[in-house]
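One structure below.
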Amino acid sequence: MKHHLKAKYYLRYSDDFVLLHEEKEKLRGWRGEIREFLQSRLRLELNESRQTVGPISNGADFLGYIVRPHYLLVRRRVVNRLKARLFGYEKKLVRWREGCTVFRFDHSTLEKLRATWSSYMAHMKVADTYRLREKLLGRFAWLRRFFEQDRGRLKWRGEAPASLYNLKRQYWFFLRKCRGSILFFQVGRFFEFYDEQAERVLEVLGLRRIEARRGFGIRCGFPVNLKEKYLKKLMGLGFSVYVVREGEGWLSGVKQRVVGEAWIVAPGAATRKGVFDA
């Protein structure tokens, strides 16, 4: 390239390369000489389907990007591959029922999803892709149910941090995360409600008040095995519900807790029948 063809503008990475010249015919002549050299000296061949000759204004498809004179774009097939992966995760994590959307917080699947997103975002950040990334977050808006955005990364929102070392701190953490919804908060074999949430469900579910826990004023609840019964009733009244379950681990003497699922009622669906389908 440099010694024989005297190519002044030559870029190469592994077996991909780009040549620049003011004259199109000069580039075509070089291509013939390169083909001859590869066949006679190295027993290699050019990939005929990956060769283009054109003005730099069209951009060069090089190393995963479309390289334009003043900016970079991501290859369309890279974007399509990411969309296909996200559609696959959507099928595993999101279900639609009449009048509601069910989000399943499967932690192993969500960790794979986060790794996939991070990998593609690292690739996209090199290029001019702000609008593309925002468009992806708009199309796959369900991502926000599972994650928060942190400088382009997805930050898991469904697990109580280790600093929440007592039951009250954990409860208020999840209550803030699930603002506007009813929180099914598991404590042993029961789902419990406290203070303002307890007042709401005492009225609509017909539960009885029980002795308050330390740090709370009002308390009520029901056995875990009655979840479907009360979930159906709340959703029929137009309430969205987050289910927070106990995990296997412990955090300084209190059970670790994570969001297990979320049942989000669509606006205007409160008066519909047949909302719930377990």
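The values are calculated or read from the model by the stated rules, or taken from the named source; none is laboratory data. The model shown is predicted, which means the values in this text are computed figures rather than measured ones. Counting neighbours? That spans all protein chains shown, and the Cβs are built from the backbone with ideal geometry, glycine included.
Taking the options Leu5, Leu42, Leu20, name whichever one is at pLDDT 90 or above and surrounded by 13 or more Cβ atoms within 10 Å (Cβ to Cβ).
Going through Leu5, Leu42, Leu20 in turn, the sole match is Leu5.
Among the residues of region 205-217, are any surrounded by fewer than 19 Cβ atoms within 10 Å (Cβ to Cβ) and in contact with an Asp or Glu (Cβ under 7 Å, 6 or more places away or on another chain)?
Yes: one or more hits.
Using the structure shown, decide if Gly249 is at pLDDT below 90, in a strand (DSSP E or B) and either more than 30 Å from Arg133 (Cβ to Cβ) or of a type outside the set (S, T, N, Q) (or both).
It is true that Gly249 is at pLDDT below 90, in a strand (DSSP E or B) and either more than 30 Å from Arg133 (Cβ to Cβ) or of a type outside the set (S, T, N, Q) (or both).
Residue under question is Glu33, and the condition is that it be of a type outside the set (Gly, Ala, Ser), more than 24 Å from Pro69 (Cα to Cα) and touching a residue at least 24 places away in the same chain (Cβ under 8 Å); does it hold?
Yes; evaluated as a whole, the condition is true for this residue.
Report yes if Lys255 is assigned to a strand (DSSP E or B), farther than 26 Å from Val94 by Cα, of a type in the set (Lys, Arg) and modelled with pLDDT under 95, otherwise no.
Taking the combined requirement at face value, the residue satisfies it.
Among what's in region 89-116 and is assigned to a helix (DSSP H, G or I), hydrophobic (A, V, I, L, M, F, W, C) and touching a helix residue (DSSP H, G or I) at 6+ places or on another chain (Cβ under 8 Å), pick the residue that is nearest to Trp142 (Cα to Cα).
The qualifying residue nearest to Trp142 (Cα to Cα) is Leu93.
For Glu228, all conditions in the list (1) in contact with a Lys or Arg (Cβ under 8 Å, 6 or more places away or on another chain); (2) loosely packed, with under 14 Cβ neighbours inside 10 Å hold save one; what is the number of the exception?
Just one mismatch for Glu228, condition (1).
For a quick check of your reading of the model, give me the residue pairs whose first member lies in region 63-83 and is more than 21 Å from Asp15 (Cβ to Cβ), whose second is part of a helix (DSSP H, G or I) and modelled with pLDDT under 90, with beta-carbon atoms closer than 6 Å and at least 6 apart or on different chains.
Pro69/Ile56
Would you check if there is a residue in region 143-155 being surrounded by 15 or more Cβ atoms within 10 Å (Cβ to Cβ), touching a Ser or Thr at 6+ places or on another chain (Cβ under 8 Å), at pLDDT below 95 and not in a helix (DSSP H, G or I)?
yes
Please specify each residue of region 215-246 satisfying the condition of being free of Cβ contacts under 8 Å to residues at least 40 places away in the same chain and either in the same structural domain as Gly99 (by TED's automatic domain parsing) or of a type in the set (D, E, K, R) (or both).
Within region 215-246, Arg219, Lys229, Lys233 meet the criteria.
Identify all residues within region 23-35 that are closer than 16 Å to Leu46 by Cα and either of a type in the set (D, E, K, R) or surrounded by fewer than 14 Cβ atoms within 10 Å (Cβ to Cβ) (or both); write none if there are none.
Within region 23-35, Arg28, Gly29, Arg31, Gly32, Glu33, Arg35 meet the criteria.
Take the residues of region 112-142 that are without any contact (Cβ under 8 Å) to a residue 24 or more places away in the chain and aliphatic (A, V, I, L, M): which is farthest from Glu90 (Cα to Cα)?
Here the residue is Ala122.
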